[in-house]
Structure formats: C-alpha cells, structure tokens
Amino acid sequence: MAAGHTFEPRILGFLCDWCCYAGADLAGVSRFQYPPNIRVIRLMCSGRVDPAHIFRAFSTGQDAVFIGGCHLDDCHYVTHGNYDALSMVYICKKLLEHIGLNPERLRIEWVSAGEGIRFANTMNEFVPRIEKLGPLGRGEGIDEHELTFKLEAVTKLIPYIKLVQSERLRVPDRTEEAYNKFFTSEEFNRLFNELIGDKLALSQIMALLRERPHSTSEISAILGLSPSEVSRHLNVSARNQTVETGTVDNDKIDRIINKHQGKAGSLVQVLLEIQHENHWLPQEVLDRVSKKLDVPLSRVMQIVTFHKTFSLIPKGRNEVHVCTGPSCYVRGSTRLLDTVQNLMGIRPGETDPDSKFSLETGSCLGCCNLGPEIIVGGKHHGRVTPDKVKDVLKNYE
Amino acid sequence: MPRINSASELEELRKGVLSERDPDKPCIAICAGMGCLGLGNGRVISAFEEEVNKKDLKTKVDIRATGCHGYCEKGPMVVIYPEEICYVEVTPKDVPEIVSQTVLGKKVIDLLIYTDPDTGEKAAHQSEIPFYKNQMRHIIGNNTKIDPRSIDDYLAVGGYSALSKSLLEMSPEKVLDEIKKANLRGRGGGGFRAGRKWETARNAPGEEKYVIVNAHEGELGAFMDRAIFTGNPQSVLEGLIIGAYAVGSHRGFIYTRHDTPQLKNNIDMALAQAEEYGLLGENILGSGFSFNVEVHLDIGIFVSGESSALMRSIEGNAPEPRPKYIHTSVKGIWKKPSVLNNVETWANVPLIIDNGSEWYASTGTARSKGTKLVSLSGNIVNTGVAEVPFGTTIREIVYGIGGGIPKGKKLKAVHFGGPIGGSIPESLLDTPLDFDELAKLGASIGAGSMLVLDEDTSMVDVARYFLDFLSNESCGKCVPCREGIRQMLKILTNIRDGKVREGDIELLEEIAEVTGAASLCALGKTAADPLRSTLRYFRDEYETNIEKMKRPAEKRE
Amino acid sequence: MGKHKKMSDIIIQIDGKEVKAAEGMTVLEAAQSADIFIPTLCHHEKLEPRGLCRICTVEAEVRGWTKFVAACLYPVEQDLVVRTRSEKVDRIRKMILEFLLAHAPYSPQLQDLAQEYGADKDRFEKESSFCILCGLCVRYCAEVKKKNAVGFVDCGSRREIRFIPEIAVKECHSCKECFALCPTSYLQAAFVLTEALAFSKDASQTALKK
C-alpha cells in the first residue's frame, strides 16, 4: 500500500447487454450510489469474454476486472454463454494465482435486468475490496517489471489454454453445482497443473530469458521455483528447442560425422559419439548433424529424446548415477536415492544450480555384486548404505 | 602378426604359441571383469605388476588380467596357475605375501582362500569351491585362462579350430545341419531354434544377408553376456563367422552397449587382431569366404533389445519395433534377411562344431540342450555368473551354487526374465531349468537372470517395479502397450499404497489380457507377464488386507 | 509370403465370406474391397499403415492357429480365415477405446466407436494429455508434405508429438493440412504452444547465463 496518497482502483467491466448492462443502467436511473471506478464495456453475452481480454485489461493498467452476466440458466442465448464465462473465470483465477496475483481481482456476478440495486451493492463491495488489495502487482509485492513479464507469459499462452479448456476441462453437466464441484476438485487441479501450470512456468522462464541471460539460481529466485524445478523446466525447454545454452566447435562435430562416413544410417552412432565427448548436445549441433547427414531434424529430435542417454542441457561437473536395477532395488536403492536427492536438492534428470552434480538413475550396469551402488563419473562406489552417501559425495568438487 | 592362410598354418601358429608357454610357469590370473574392477581390482593388478617387477620376476611369472571368473560376490578374484589355487577378496596389501608364499613358495595362504560360511570348510582350489564345483563351465571356463586383449591366449586354448573345420572341411549346409541337430536354442530370451532361423535366412531370396550379435543385454539383472563378451570376445566372434558361413552372409553387426567402454574396447581389439591373423575379413584362412563386421552402439533403451527395433537402430533410426508378420530372418536390416542371435548363442557354436552335435545334445534335457549361463542377483549369498547344464533344478542353482539366502531369511521366489518374465515360487523350486518347463509355469527363462527374492519381498511391488521400468523403456507407439502399462502401473501403485478398490484385480487381469493380445511387439505382449505370474502364485498378497502389506519390495533397514 | 509371385488371386475368408485378394494386400485392404468394415483410427489412405492404434485388431486363423493381428498391416495369404468381430476382438477394441477416452473423451471419432463397443469414457481416470498418438500428423507431414515439421519425441508413457520450431515457423502458416486429420484438438494446441514459446524470437536471444 502506497503511503500518503489514496489509491483509486481502475476496474474494467464486461457487462452483457441483456441483463447486467440493463441492471447497471437501472441502478443509474434509480440513483443507487456506487463508486465511479468501473469503466463498462457492453457486449451481447458474458460468454464472449475471452481470457485475452481479461489479461489485456490487466496488462494495460486495470487493477481488477468485473464480468456481469445473466443468471445461470437464464442466458438469452441457447448456447448458455454464461456457463462458458464461468468456466473461463475459474481458469483465469487460477492463472492469476499461479503468477502471484490475487484471484479476487477477477470477479463474475449474475445480475438480471431488474436487479439495479444488486449491481450497486456489488460495486459497493467490490471497489473497496480492490482498494484494500492495492494496485495490481504492487499490492502483492510484485514490481512493475516482473508484473509485465508475468502477464506477458500468460498472454502468450492463451491460445493454448483455450484449446486445453475446450478439450480437457469441460464439465459434463450444465449446472451450477457441477461447475463448482469440478473447478474445486482434485482432478481439475491436477489437470491444470500438468497441462497449464508447467507450461506457464516455461513461458515465464522464456520471458525472463528474452530480456537478458539469467542463471538457474536467478530464475529460481525470481519465479519462486526450487532449483530442482528450474532444472526440470530447462530440460523441457531444451527439448522444445526454446533455450540456447551453449555451442560446440564445428570442426569437432564435422570430424565425428566424417569418421562415420557422413551417411544417414550412422545418425545414431554420430549422436552417441558427440554425446560421449561433449556430455551434452546443444541445439546447434543437432541442426548441423541434421544438415550434414541430410536427415530431417524431427528424426534427430526423436532419437535424442528417446532415452536419457542423451542430454540437451549441460551436465554438472560430476555425473552421479544411482543404480535402480532390480537387484539394487531389493537391496535398498530407493532409500539410497532418497538420501542422494535430499543431499543434492535435485531429482533424477536434473543438475544443481552450481553445476556440480547431475543426477540420473538407471538400470543395471551388470555389477550386481556391488549393489546398491552409486557410480560417479564412471567410478563405482559399491555396497553403499544411506549413511555412507555423504562420505562418497564429499570428495567431489 | 602373420596372416594365416590354411588349416595347417593355423595349427603351426597354435603350436608356436603353445611352445612359448611353459605349462609349469606360474601364472597369476586376476579377474578384470566389471564386478571385480568395481571392487578395486585395478589396484590389485597394479600391485602385482609392481611386486613382480620389484622381485625381478618378470620373465619367471606371468600376470594375466582375465575376463570375468564368475564369482563376483567374492571379488577381487585371483587364481594362481598351474596349481589353480584360488584367492578371494584380495586386496593390494595381500599381494607381496601371495607372490612370495604361493607363487614362489607354492604354499597356500589359509586366510585368503574360500571358507564355507555354513560349515567353515575351506577350499583352496577353484574346483573345490561349491560355487564352481556344481557348475559345468563349457563356455565361461576359459575366462580364467584368457586375457581378452590377446588372441594368442584364445588360440592357446584351442580357439578357431572350429572355424577352420567349418570353412575348410565342411560345407555351409553341413554346418547348418550340425546346428540343427544340436538343437541350439536362442539364449537371449526367445529360445527360438537357431538352426531354423539360420535356415530361413539362408533360403530367403536375396544375395545380401546379415548376421548380428545382440550384445545389448537389456534384461535387468543379466550380466552373463558381458562376462563372456568382455572376457572372451574371440569365442563369440568365431561363432559369428561360422554362422555367417552357414547362412551365406558376408557382413555382420555387433550391437553392443554404449555405457561399457571396457566391453567396446575389448571387442574392437579382438576384431583388429582377428583381422590381422586373417581370421576375419577377405579370404578367411584361405577358404575363399570373406566376412566383415561393424560395431554399433545402442542408445540404452530396453526396447532396443527387441530384434526389429535393434535393426532399425542399426539403420540409423530410433529403435522402434515393427510387427513381425514377416520375420526379420526374411526381411531385416534394410529389408534383407538378417539373423540375430544373442552373445551366448554365438558362443555355443564353436563348441558344437568342435565336439559334434551328438556330444552337445548329450547335455541338457529332451528339448533344451547344452548349458545355460545364469546371473544370480538379489537376495542371494553368492552373486555372480554361473554355467549349468539344462535340467539342473532351480533349487540346486540357488543353494548349491548361489549359497542360499543371506541373513537366514527364507526364499520366497526366483524371478526369471526381468521386466517381461515371471516368478517361480518356493514350492516349485525343484523345476528343472528348461525353456519349456519354465514357460509352462509362466516364468520364461529369458536371458537367464535369476533375481532371488526373500520372504520380506512384496510381490505386488515387484510387479509394480517392472511395470514402472517398462513405462519409460517401451517405445510407446502402440496403444495397448503404452496405455495398458500406464493403467496397470497406476492400479498397482494404488494397491501398494493401500488404496485398492473393488474389482481392481479383475481390471488388472483384463488389461493384461488386452496388452498381451493386441500389442505390436514382444515387449508389449509380455509386459504384463510379471504381473500375471505374481497373480498366479501370490494372489493372496493382492487380496490380503492392505494394512499388513506395507513393506515394499526393497528393504527397510 | 509366397516363394514366387503368383499372378492369380488369393482367396481368403472374412467373416465367413469369400474374398478375393491380390498378393501384397493387407487384410484391411481386402476387407475394404469387399465392403466389410473394420474400424481404424491411425489409418489413412495416403499414408503407410503403421498399426499404432491396434483398433483394427482381428482374429486371423492360419493352419489351425488363431492369432490377433492388426488388419492394416497383416498380409493376406492363401486360406487365411479372418474374423473381424468376436467376443475377444470386441473386448480388445472396447478396452483400447477406454484407454484413449481417458485422454480424449470428446473426440468425435472415439465417441462414435465407443457407442458401438460399449466403451465407458470414465472407466479410467482422466489423463492430462489429450493426444491419442495416432501419428497421422507426423506421418502426413513426413510422407505427403515431406516437410517433417512435426515429429515424435520421448518414448514410452511420455511419448508426445512436437513441432520443430524452425521448420514450423516457415511452413505451417500456409499449410496446416494436418490439422484436419487430428481426431482431437491436441495438434492445434501443440502448434499454438510452440508458437507461444518458440517462434517469436531468435534462439540466441534466450541464452542461459552460465
């Protein structure tokens, strides 16, 4: 809250012509007082409001958005657009939450044409509430710059989110009860997080990196993600070919390609050798291999994502491998892995922010007499119990 | 190295090699297999080299870093020839004593020899140690005598006589006939008759044919292929060339693991040396038969052990299987007839040619001939690689060779075949090791890995573990496998976590049926086998009150 | 397969009906030529059959042995007896549909088939990904358009389709022919996602600081 001067919230309202707009009109005609902070846009149905509108409003200085429509089941259109508005609002609220903004800034109400007083009461409640929350962003402790890129991240994803919503987040029954039940359910949370939440994190990371290079720790701090999560997202980004994280000497690559006679059939062997020498495969390398061997990039991408043998992001200085083959498993590899994960703060497939350790699990190198074992940079540490893990790892820089 | 151009030149060379080797000269054979190296055997080898140098014994004592001896549990292993005195768990500080007492003084050091944990009985010679005594080491026996980086060592034990006999005394048809008569069955998991596969490829239309060594060894808990191939690569190569001759192939592939540099180096060296001697390449042994081999590395995924996926990988694509309505022995790599066999299968070939199919078929059971290498792991006293004739009972292997279960626990089951195999319960432990007997019980022998499970193991978790593995290691392109595994895994995880619902077991069975019938490849079709076998023999664990079943398959200390 | 090319037709039996087929035909092609319906999801006349969805599974009996095969790939042979419907075939198809409905319950193609086989879209818990991995998009772009703008990545349960940004940004806006083939809207979703995350900038601009 800014001290010393009053904050006047700017609120944008989308009101449907048939009901809510008429209701607002009636409030005006009847002289029911309410604060003047809301600017109204009239449209034919609340269902017309698109997430893009909502986030454009937030991006252009509005502190809150209000949507007013007909009561549920009273929509003047056969399509019951107000239900669409309702589900859209549930999703947008979750999006706001995910980027650290208070979801109360978005509100949907059902107001009929004759409910002038209801409209006024709603505004008399809403505006002070937003006053209390403070300006968008600043009220939640987010500075302007951060707010901009977060909103940008969401906006970019809207076409995707809309498709996800229509295909995956549909509610089977058009009843208020069913909608409320679904959007507060465990299932919705899970689907949202898996389909949208992760992509949102990615989108934010992209937005950050578009401005200037950031290190893993910086990203972690700004977005409030653990280093483990950041590592996981960067891995996904690399597979999406959206993050450039380094280069490799072209001569080196060409040498390897020529060694295998530059044939398309040697694609797998070429990639394996580069991975072995360089410990990871930058996008540039994949492009070059694709061109030189004359194979479609999609085929290269399929192979390098086919198994964890290939890495598309740089590995840590020490590659730690915990065997999770069946013999090691029955001898306690899960507890061993838990200990290692806790010590390093990362999960399999990830690299710590200092690039000291990369962790991977995998099966059976055939040294079952050593189980359970940890292999660091090719060196076997056999018959390791959880209490010995610290000793094993402390010798590595 | 001289190029050998005839059978007599080969024998001359062999005689020459043997003449330079005094059978009474002391030889320190140190196991340089992966298991022993992981226990620090590299330091033991250096210590011996240092000690021998120090005592000025370089010309009087041989040091040989050999292939896997098999007794991984007791590594680092050292065998002193010619007495065959076997020392276990050797450390660098034991080395000076070994050299002075045993190598020079011919005395046995009591503290270093094997002691039976139950009876306290000691055994100084390898042939007296129970682990070795109860085996029939036709294939792996030579590992203790060979440095895999020396082709001469292989020649010294009679290597390449089978190749010479095949190329120079037998026709390809005769060779094929011998293999058929011997009833050599695939050792990689299929158990398919090798002779029949070779014949199909031989008769398939087309001039260009390929033979392939499947050295991928993706089966979890199997490490015998690595033991043979790293320890005695020439034996496998010899088998491959004989097979190529029988099939009519002039080009071969070795498909091996990318994550085992020692294996790749030994293979490369073996190929180079064989070529130098004229045992590989153009006009082998002056026979007119030419054959060349390429080495390809895998990308590590389990599905690439499937034959059609493997072939796709050799072609330069992601290893995805294709339906085998037309066998790969008719249309394989680049649509040419391709014979794929496992490392162990190829290693059996020289034995058959050298000793004859009748000799070979005299070992084993009615329909499973010869010996089988098994790798023992899990809750067992003696982890390692063993070789037994088919027909040996599982009990004999687990107790007679494996030494039983550690910590005095009871045996619950022995799991064969890894993620696509099955479990044999304690009550069926007297089943003989046999392709068909085990298959009947729902636990196909697979590549020979024997995962021993004790009484504290949850069989539900075992099934879950393998499905979890497969969910990341199948290619995922067909619905019944990808989705079937996904759903079965979910249900099993819920059961393990105590959230079983009415009808879950029936649902699991239904999914298993669909996945088994409609999947595209063998991986999908057998993905539900561990589940099916645990349901068959341990159904009560699924049905029982979940509260009592909180311990997962892995140990809680 | 025959040892030499026969010029004469092969006679097979489908659902008790005698059908003439030429060597090299698949069971599906033979059935279609005789107006016998076998359901498909990943099949398209312009594309190489791949047998990914397995919904065309039929019973094939040859020399007394019955096995379950994908009709779109299984080659016809003399005296082959095919049954396109049976208790087990129907069970298989029902479950395949239920697997896929857990991903995409609103796909029109799936819903039509679901009705026929009594598949319950709520049998399995909802999966987040709504791609059914039929591969029509990938194969169309590879075989017909020859652009390879979209491909498969990852494997096993995590298998997905993904656009290759540098190709998609050049080729897709004026094409999008694959969109019509997609039985769900996942292809579109994947495209707009790639657009959002990967198109609008030069890769070098999103450098990760060391």
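The figures follow:
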item: Only listed residue being in contact with a His (Cβ under 8 Å, 6 or more places away or on another chain), crowded, with 17+ Cβ neighbours inside 10 Å and more than 23 Å from A:Ile375 (Cα to Cα), chosen from B:Val95, B:Val99, B:Val79, B:Val61; result: B:Val79
item: Helices (runs of 4 or more DSSP H) within segment A:236-314 that include 1 or more residues farther than 23 Å from C:Ile161 by Cα, of a type outside the set (Asp, Glu) and touching a strand residue (DSSP E or B) at 6+ places or on another chain (Cβ under 7 Å); result: A:267-278
item: Residues of segment C:73-97 satisfying the condition of being open to solvent by 50 Å² or more (accessible area, probe 1.4 Å) and more than 12 Å from chain B (Cβ to nearest Cβ); result: C:Gln78, C:Asp79, C:Arg83, C:Arg85
item: Scope segment C:34-72; condition of a type outside the set (A, V, I, L, M, F, W, C), out of contact with any His (no Cβ under 7 Å at 6 or more places or on another chain) and within 14 Å of chain B (Cβ to nearest Cβ); matching residues; result: C:Pro39, C:Thr40, C:His43, C:Glu48, C:Arg50, C:Gly51, C:Arg54, C:Thr57, C:Glu59, C:Thr66, C:Lys67
item: Counted residues, segment B:102-111 - those being in contact (Cβ under 8 Å) with a residue 12 or more places away in the chain, surrounded by fewer than 19 Cβ atoms within 10 Å (Cβ to Cβ) and within 34 Å of the chain's Cα centre (by Cα); result: 3
item: Any hit, segment B:232-242, residues being in contact (Cβ under 8 Å) with a residue 60 or more places away in the chain, surrounded by fewer than 23 Cβ atoms within 10 Å (Cβ to Cβ) and more than 14 Å from chain A (Cβ to nearest Cβ); result: no
item: Test: residue in segment B:253-261 that is surrounded by fewer than 23 Cβ atoms within 10 Å (Cβ to Cβ) and touching a Pro at 6+ places or on another chain (Cβ under 8 Å); result: no
item: Subset tally (residues that are of a type in the set (Val, Ile, Thr) and under 22 Å from the mean Cα position of the chain (by Cα)) for segment A:122-154; result: 3
item: B:Phe390 being under 17 Å from the mean Cα position of the chain (by Cα), more than 12 Å from every other protein chain (Cβ to nearest Cβ) and without any contact (Cβ under 8 Å) to a residue 60 or more places away in the chain; result: yes
item: Residue satisfying condition, being open to solvent by less than 10 Å² (accessible area, probe 1.4 Å), on the phi < 0 side of the Ramachandran plot and within 13 Å of chain C (Cβ to nearest Cβ), within set A:Val330, A:Val300, A:Val320, A:Val268; result: A:Val300
item: Residue in segment B:472-493 that is open to solvent by 50 Å² or more (accessible area, probe 1.4 Å) and in contact (Cβ under 8 Å) with a residue 24 or more places away in the chain present; result: no
item: Given (1) part of a helix (DSSP H, G or I); (2) open to solvent by 10 Å² or more (accessible area, probe 1.4 Å); (3) touching a helix residue (DSSP H, G or I) at 6+ places or on another chain (Cβ under 7 Å), number of the condition B:Met269 does not satisfy; result: (3)
item: Given (1) away from chain B (no Cβ under 13 Å); (2) closer than 21 Å to B:Glu510 by Cα; (3) surrounded by fewer than 17 Cβ atoms within 10 Å (Cβ to Cβ), index of the condition C:Tyr106 fails; result: (2)
item: Residue in segment A:74-107 that is most open to solvent (accessible area, probe 1.4 Å), counting only those that are in contact with a strand residue (DSSP E or B) (Cβ under 6 Å, 6 or more places away or on another chain) and outside any helix (DSSP H, G or I); result: A:Arg107
item: Top-ranked residue in segment B:56-93 [being out of contact with any helix residue (DSSP H, G or I) (no Cβ under 6 Å at 6 or more places or on another chain) and assigned to a helix (DSSP H, G or I); ranked as nearest to B:Lys122 (Cα to Cα)]; result: B:Lys74
item: Criterion: away from chain C (no Cβ under 14 Å) and closer than 26 Å to B:Ser307 by Cα - qualifying residue of B:Lys440, B:Lys410, B:Lys477; result: B:Lys440
item: Helices (runs of 4 or more DSSP H) enclosed by segment A:138-230 - at least 1 residues per element that are open to solvent by less than 10 Å² (accessible area, probe 1.4 Å) and without any contact (Cβ under 8 Å) to a residue 40 or more places away in the chain; result: A:144-168, A:186-192, A:198-211, A:216-223
item: Checklist (1) in a helix (DSSP H, G or I); (2) away from chain C (no Cβ under 14 Å) applied to B:Glu483, failing item; result: (2)
item: Qualifying residue in segment B:332-340 (condition: free of Cβ contacts under 8 Å to residues at least 12 places away in the same chain and of a type outside the set (A, V, I, L, M, F, W, C)); result: yes
item: Complete set of residues in segment A:303-317 that are within 10 Å of chain C (Cβ to nearest Cβ) and either closer than 14 Å to C:Asn148 by Cβ or among the hydroxyl-bearing types (Ser, Thr, Tyr) (or both); result: A:Ile303, A:Thr305
item: Which listed residue is of a type outside the set (D, E, K, R) and either away from chain B (no Cβ under 11 Å) or open to solvent by 40 Å² or more (accessible area, probe 1.4 Å) (or both), from A:Gly345, A:Gly362, A:Gly382; result: A:Gly345
item: Within segment A:355-386, tally of residues that are in contact (Cβ under 8 Å) with a residue 12 or more places away in the chain and assigned to a loop (DSSP other than H, G, I, E, B); result: 14
item: Check on C:Ala119, touching a residue at least 24 places away in the same chain (Cβ under 8 Å), within 9 Å of chain A (Cβ to nearest Cβ), assigned to a loop (DSSP other than H, G, I, E, B) and closer than 14 Å to C:Cys53 by Cβ; result: no
item: Cβ pairs under 7 Å, 6+ apart, first in segment C:122-135 and surrounded by fewer than 23 Cβ atoms within 10 Å (Cβ to Cβ) and in a loop (DSSP other than H, G, I, E, B), second among the acidic types (Asp, Glu) and modelled with pLDDT of 95 or more; result: C:Arg123/C:Glu98; C:Phe124/C:Glu98
item: Members of segment B:213-229 that are closer than 25 Å to B:Asn355 by Cβ and not in a helix (DSSP H, G or I); result: B:Val213, B:Asn214, B:Ala215
item: Residue match in segment B:422-431 (condition: over 28 Å from C:Ser157 (Cβ atoms), open to solvent by 30 Å² or more (accessible area, probe 1.4 Å) and either at the interface with another protein chain (Cβ under 8 Å from one of its Cβ atoms) or not acidic (Asp, Glu) (or both)); result: yes
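The values are calculated or read from the model by the stated rules, or taken from the named source; none is laboratory data. Values in this document were obtained by computation on a predicted structure and should not be read as measured data. Please note: Cβ atoms are built from the backbone with ideal geometry, for glycine as well, and neighbour counts cover all protein chains shown. With ligands, DNA and RNA removed, areas are computed over all heavy atoms of the protein, side chains included. Shrake-Rupley method; radii C 1.70, N 1.55, O 1.52, S 1.80 Å.
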